[in-house]
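Have a look at the structure below, then the notes.
The values are calculated or read from the model by the stated rules, or taken from the named source; none is laboratory data. Being a predicted model, the structure only gives us computed values, none of them experimental. Cβ sites come from the backbone with ideal geometry, for glycine too, and all protein chains shown count toward neighbours. The area values use the complete protein model at the heavy-atom level, side chains included, leaving out ligands, DNA and RNA. Shrake-Rupley method; radii C 1.70, N 1.55, O 1.52, S 1.80 Å.
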Amino acid sequence: MVVTQSGETADTIAAQREALTRGVKTIAVSNVAEATIPREASAALITGAGPELAVPATKSFTTQVTVLYLMALSWRASADA
């Protein structure tokens, strides 16, 4: 799983590409659908928080935490079924 606000963080792109070259499927959680990371991922969850206008990216962070929480709930429900 790759989590990024911009979808263009160099070290995150490098890690994802390394995973993909090793045959690992990746899921990207990103705020920007057209960015490199979600485009290259096996699957992408776009948060749609909109552009960040300040360094402390509060909107995108909150939507990322929400997506991760919902994924955890979904996986938990699947495990219990």
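Residue-wise test of (1) among the polar types (S, T, N, Q); (2) touching a residue at least 12 places away in the same chain (Cβ under 8 Å).
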position	(1), (2)
Asp11	no, no
Gln16	yes, yes
Thr21	yes, no
Val24	no, no
Ala28	no, yes
Leu68	no, yes
Ala77	no, no
Only one of Glu40, Glu8 is touching a Lys or Arg at 6+ places or on another chain (Cβ under 8 Å), acidic (Asp, Glu) and surrounded by 13 or more Cβ atoms within 10 Å (Cβ to Cβ); which? Glu40
Would you confirm, using the coordinates I've provided, whether Glu34 is touching a Ser or Thr at 6+ places or on another chain (Cβ under 7 Å), on the phi < 0 side of the Ramachandran plot and either surrounded by fewer than 19 Cβ atoms within 10 Å (Cβ to Cβ) or not β-branched (Val, Ile, Thr) (or both)? no
Take the conditions open to solvent by 70 Å² or more (accessible area, probe 1.4 Å), farther than 14 Å from Val67 by Cα and not charged (D, E, K, R) and apply them to Val24. Does it pass? yes
Among the numbered criteria (1) at pLDDT below 90; (2) open to solvent by less than 70 Å² (accessible area, probe 1.4 Å), which single criterion is violated by Asp80? (2)
Subset of region 43-67 (residues that are under 17 Å from Met1 (Cα atoms), of a type in the set (A, V, I, L, M, F, W, C) and open to solvent by 60 Å² or more (accessible area, probe 1.4 Å)): Leu45, Ile46, Phe61, Val65
How many of the residues making up region 3-60 are of a type in the set (D, E, K, R), modelled with pLDDT under 90 and either assigned to a loop (DSSP other than H, G, I, E, B) or closer than 20 Å to Ala72 by Cβ (or both)? 1
Among the residues in region 37-52, are any among the charged types (D, E, K, R) and within 17 Å of Thr63 (Cβ to Cβ)? yes
